[in-house]
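Beneath this line is the structure, given in structure tokens, with notes to follow.
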Amino acid sequence: MKRILSLLLAVVMVLGLGSALAEIKLDYPTFQVGVNTAAPVIAQLVEEFNALHAGQVVIQVEEIPGDANYIDKIKVLLNAKDLPPVIYGAGYNLLDLALASDLLVDLTPYVEADPEWQAMYNDKALEVNSRDGKIYGSSAEGNTIGYFYNKELFEQAGIAGPAKTWDEFFAQLDTLKAAGITPLSMDTADSAWVTSLWMGALIATSGEAGQAFMAQMMPDDYNTPEVIGALEKIQKMFQEYTTFDAVGGKYENAANAFLSGQTAMIANGPWMIGDFSDTTKAPEGFADKVGVAIYPEGFAYDEPIQGYLVTRQQDSAVEQAAVEMVKYFTGVHAQTVALEKQGMLPASTQVEITQTAKDNFPLLAEFVVALEGAVIRSATTQATMYPNLLDIMSAELPNLASGAMTPEQFAQALTEGAAKNK
Amino acid sequence: MTQRPLTARGDSGLREQRPFHARIPAFLYMLLCVLVALFPILWVVMSSFKSNAQILSSAVSLPTAYSFEGYRMALEVSPILRYFFNSVVITMLSTFLNVFLVSLAAYVFARTRFRGKNLLFSILALSMVIPMTALMQPVYQVITSLGLADSLPGLVLVYMALNMPLTLLIMRASFAGVPASLEEAAYIDGAGFMYTYFRVMLPLTKGGLASAAVMAFLNAWNEFTFALVLTKSAAVRTLPLSLSYFTSQFSFNYTALFAAITMAVLPSILIFAVFQEQVSQSLVIGAVKG
């Protein structure tokens, strides 16, 4: 009997030891797969992290192709309180949604205990990833955005270079139009990314009130003179300066209009630079024709995008491993990989713009220089607005474009949409 | 006076063949129907040989060159073949189980009387009108608590259940259309309940079974949202998910997307082309029985 008991005890101990030493599995759902420009970056970081923590922690990637699919799934998991250990907030403001359900791990003690990690946070990064003085996220992407222009088309129209003021900008649009060139790429579908960039730039440069509006996290009131003023200009842009397929069109249509030389300008971030030399999307030599600029009145989008979040788990060892993963994925090395492979400008000023990045993406170097002239900077409207407003933008922009809706009515629709989050 | 040739039409009689010029409108109409039906498929196949710029700039133009680069990229970017195989297994299993199990219930609803029958039937049938989004959360929690998340049986179970109301409606109507005298004759001849059901009733409702199976198959084959939410690994993911690999918010590869769609639909079209006679027959069997 004693032998049997001893044997059982030994088995239990071995099993217990085994489970204690078992490799921690971190499920990581990501939309950065497939044709997503960050896919090679994430693949490399996962491989490196797994090699670095071999036998201890392994990241198991769950591929969720399509950004909207990712958000849909995360929302279901969030409602079920079954979030994976690490989620990526990206531009979808998942931080507040997860925090409202008390599902996030406070990263403050971890960040404060690691000077190297703490140094990665500048004021903006801290602001976007913190709530009530506690840090919940860690950023990897700078989300620095200007606009691209076709130098050849500018030359054809007799335009010397990017406009310094909005008056000059709209005069350029008229000049381009008179030369038979469609000035702008715009869109309305899939949250109207390109259009919302023009809109945000117009709001941010409309004065102090505009800047204050852009600095707000999840604004409730869009019935303001600066927003309505911007919407008036957006309406004009739709009616006079863009392609026929902009209304109802997605980002792809807007991008194609620019890449095929049909339009002279598109607002977008540096991750698009790779497309200019992709001959399946643009003609051979197109990259040489593209210039990059900050917006009129010295504005640029320049605020780190909400980063990686660690969620509460039953097993504290899993939480610890998740923190390690987030630290690795947002460190200097990770941001350098993204910079050199994807052309993504870093979230942290600690990351140097390397020569490799400049060689890989010459326009990026040009943009970094242009950025020095930016006197007004903010986050994108999409990063700060309530998520449900993205759908309202897509649904109502065609009405604004056609004139079926006035800028005031559009602003009211956004305000009413925002009120639904109360 | 010369007589026009007479041609056979089935076994029901003879009719006069109209001259060719009189049949031209009918041919044109049929040609139009064929074009309308084939155009989307041809457009997808043609687009798989065009560049992104050509697809977006001139959607209906012909490709300028025929390269299989799109197909190479499609196979490289997404695990489409694996997902296709999973789709076949999951769809076949869920369709078979759905039609088999629900037809048993439908038979009971069509043939027996019991208290609350109409209420129960209404509840089951009404579940068809519940929006997918409303089902998402409870289904996720049930499947997770059963330990069936990210598993083939989990997805089979969900698809089987999702198609239940439609199959129930179709099969109850089919069973109700079979004269009760046939059943009674079987019982008089000594057949038991199961024998009567499987050997008499089911063969007489082949048309309904085929319709229900086709609907269940198509619904399961095309379903996206539950496949997304209930699965994690490539081992159980289905074909519709693979098509999302080619577009993201700031990136797209339509050439590969159309190549992937071509690879996804061509096998189904080929199978239908080979078995179209059987499929068509199964759809009309029972239509004239009464």
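When a/c reaches 1.5 or more, the comparison of a/b and b/c decides; with that in mind, is region B:20-67 rounded, prolate or oblate per its Cα gyration tensor? It comes out prolate by the Cα gyration axes. Axis of helix A:39-52 versus longest Cα principal axis of chain A: the two differ by about 20°, to the nearest ten degrees.
Result for chain B in a Gaussian network model with C-alpha springs under 10 Å: among B:185, B:22, B:264, the largest mean-square fluctuation is at B:22. Each residue in B:239, A:26, B:126 was given a count of other beta-carbon atoms within 10 angstrom of its own, and listing them fewest first yields B:126, A:26, B:239. Taking every full run of DSSP H in chain B, the ones that stretch at least 20 Å from end to end by Cα along their long axis and average -1.0 or higher on the Kyte-Doolittle scale are B:20-47, B:80-111, B:206-222, B:254-284. What the phi angles of region A:379-396 give under the Karplus curve with 6.51, -1.76 and 1.60, with θ = phi - 60°, is a coupling list of 7, 6, 5, 5, 6, 10, 7, 4, x, 5, 6, 4, 5, 5, 4, 5, 6, 9 Hz, glycine and proline written as x. Here the residues A:87, B:143, ranked from fewest to most Cβ neighbours within 10 Å of their Cβ, fall in the order B:143, A:87. How many angstrom lie between the C-alpha centres of region A:188-228 and region B:60-138? Using only Cα atoms, the two centres lie 43 Å from each other. Separation of region A:44-58 from region B:149-223 is 51 Å, based on Cα centroids. Pairs exceeding a 28 Å alpha-carbon distance, out of A:124/A:281; A:164/A:422; A:81/A:327; A:164/A:233; A:73/A:250; A:327/A:420: A:124/A:281; A:164/A:422; A:327/A:420. Site pair residue B:88 and residue A:151 shows an inter-label distance of 5.3 nm when each label is modelled 7 Å from Cα along Cα→Cβ. Taking 7 Å steps out from each Cα toward its Cβ at residue B:29 and residue B:276 produces label points 1.9 nm apart. Each Lys and Arg adds +1 at its Cβ and each Asp and Glu adds -1 at its Cβ; summed about the Cα centre, chain A shows a dipole of about 880 debye.
Here the mean projected area of the convex hull built on the C-alpha positions of region B:181-221 is 3.2 nm². Between the residues A:180, A:125, A:149, the greatest Cα displacement towards the positive end of the dipole of region A:74-182, with unit charges on the Cβ of Lys, Arg, Asp and Glu, is found for A:180. How many nm is it between the label spots at residue B:233 and residue A:332, if each spot is 7 Å from the Cα in line with the beta carbon? Going from the residue B:233 label point to the residue A:332 one covers 3.9 nm. Distance between the C-alpha centres of region A:90-112 and region B:14-44: 62 Å, rounded to the whole angstrom.
Remark: mean inter-chain Cβ contacts per residue of B:239-248 equal 6, using a 10 Å Cβ-Cβ cutoff to other protein chain atoms.
Taking a label point 7 Å from the Cα of residue A:164 along the Cα→Cβ vector, which residues of region A:292-312 have an amide N closer than 16 Å to it? Counting backbone N atoms under 16 Å from the label point, the list is A:294-299. Length available on full extension from residue A:421 to residue A:56: 0.36 nm per residue minus the Cα-Cα distance, which gives 127.2 nm. With q set to 0.08, 0.13 Å⁻¹, the log10 of I(q)/I(0) for chain A, from the Debye formula over equal scatterers at the Cα positions, is -0.47, -1.15. When only the Cβ of Lys, Arg, Asp and Glu is charged (+1, +1, -1, -1), the dipole of the protein assembly as shown relative to its Cα centre reaches about 3960 debye. Here residue B:125 and residue B:214 are evaluated by their C-beta separation; at R0 = 22 Å the FRET efficiency comes out at 0.70. Each of A:382, A:224, B:248 was scored by the projection of its Cα onto the charge dipole of the protein assembly as shown, and the greatest displacement toward the positive side belongs to B:248; charges sit on the C-beta of Lys, Arg, Asp and Glu.
Evaluated with a Cβ-only charge set (Lys, Arg +1; Asp, Glu -1), region B:80-284 carries a dipole of roughly 300 debye about its Cα centre, given to the nearest 20. Where a ≥ b ≥ c are the square roots of the eigenvalues of the C-alpha gyration tensor, would you call the protein assembly as shown rounded, which needs a/c under 1.5, or, failing that, prolate if a/b is larger than b/c, or oblate? Cα axes put the protein assembly as shown in the oblate bin. Ordering A:258, B:27 from the fewest to the most neighbouring beta carbons within 10 Å gives B:27, A:258. Of B:172, B:199, B:237, which has the largest mean-square fluctuation in a 10 Å C-alpha GNM of chain B? The residue with the greatest mean-square fluctuation here is B:199. For the pair residue B:198 and residue B:39, the difference between a 0.36 nm per residue extended length and the Cα-Cα distance amounts to 53.0 nm. One way to sum up the overall shape of chain B is the equivalent ellipsoid from its Cα gyration tensor, whose semi-axes run 39, 35, 15 Å, largest first.
Bear in mind these aren't lab numbers, they're just calculated from the coordinates by the rules spelled out. In this text the structure is predicted, and so the values were computed from the model without any measurement. As a convention, Cβ positions derive from the backbone with ideal geometry for all residues, glycine included, and neighbour counts pool all protein chains shown.
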